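Chemist: Before we start, here is the structure in question, set down as structure tokens.
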Amino acid sequence: MHMKITFVNLFKTARLQYMEINLSSLMNMSFPKRILQLRKKHNMTQQQMADKILMNVAQIKRYEGGYSQPSVEAIKRIAKIFSVTTDWLLFDEGERNLPANLQLKFEAVSNMSKDNQHTIQTMIDGMILKQTSDQLSAQ
């Protein structure tokens, strides 16, 4: 069956692909390493950490062992309680860094007027949608 490509379908598909990419990043060892690191840094037992973030201790054990993925709400709660970013919890060092050439361009954009920044953001959003559309059309 051929799916009609509409803006809504394209947006939904792009959003699902983005969520899959983000969830797959949890499968690497960043989150288990980071939650263990947080617990040890604060000299907490697994039970103490579970109590602090209002979670069952068995869930903490699964997180640390890499057997379970936290919900978005759990990630947000852990980040808030321990004053860390969600990126720090989920990604390895350098995993989300921009290449140097793009970093310089974004620094230049940050010095532009809000109108120009908005225009550039709209252009980038359009290119991302085009790329997603091209990928869907190729399937």
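Chemist: Among the residues of the stretch 44-80, which ones are surrounded by 12 or more Cβ atoms within 10 Å (Cβ to Cβ), among the acidic types (Asp, Glu) and within 16 Å of Phe31 (Cα to Cα)?
Modeler: Residue satisfying the conditions is Glu64 alone.
Chemist: Continuing with the same structure: Is there a residue in the stretch 97-113 that is touching a helix residue (DSSP H, G or I) at 6+ places or on another chain (Cβ under 6 Å), of a type outside the set (Ser, Thr, Tyr) and either within 30 Å of Ile75 (Cα to Cα) or touching a residue at least 40 places away in the same chain (Cβ under 8 Å) (or both)?
Modeler: no
Chemist: Further question: In contact with a Lys or Arg (Cβ under 8 Å, 6 or more places away or on another chain) and either touching a residue at least 12 places away in the same chain (Cβ under 8 Å) or not β-branched (Val, Ile, Thr) (or both), is that true of Leu54?
Modeler: When the stated conditions are applied, Leu54 passes them.
Chemist: Given the stretch 47-139, what helices (runs of 4 or more DSSP H) lie entirely inside it while holding 1 or more residues that are over 17 Å from the mean Cα position of the chain (by Cα)?
Modeler: In the stretch 47-139, the matching helices (runs of 4 or more DSSP H) lie at 57-65, 72-82, 100-110, 114-138.
Chemist: Checking Ser68 against (1) touching a residue at least 24 places away in the same chain (Cβ under 8 Å); (2) under 17 Å from Pro32 (Cβ atoms), which test does it fail?
Modeler: With (1) touching a residue at least 24 places away in the same chain (Cβ under 8 Å); (2) under 17 Å from Pro32 (Cβ atoms) applied to Ser68, the lone miss is (1).
Chemist: Report, by residue number, each residue of the stretch 81-124 that is of a type in the set (Val, Ile, Thr), assigned by TED's automatic domain parsing to the domain that holds Lys40 and surrounded by 11 or more Cβ atoms within 10 Å (Cβ to Cβ).
Modeler: Within the stretch 81-124, Ile81, Val84, Thr86 qualify.
The values are calculated or read from the model by the stated rules, or taken from the named source; none is laboratory data. Remember, it's a predicted structure, so these values are computed and weren't measured experimentally. So basically every Cβ, Gly included, is an ideal-geometry build from the backbone, and we count neighbours across all protein chains shown.
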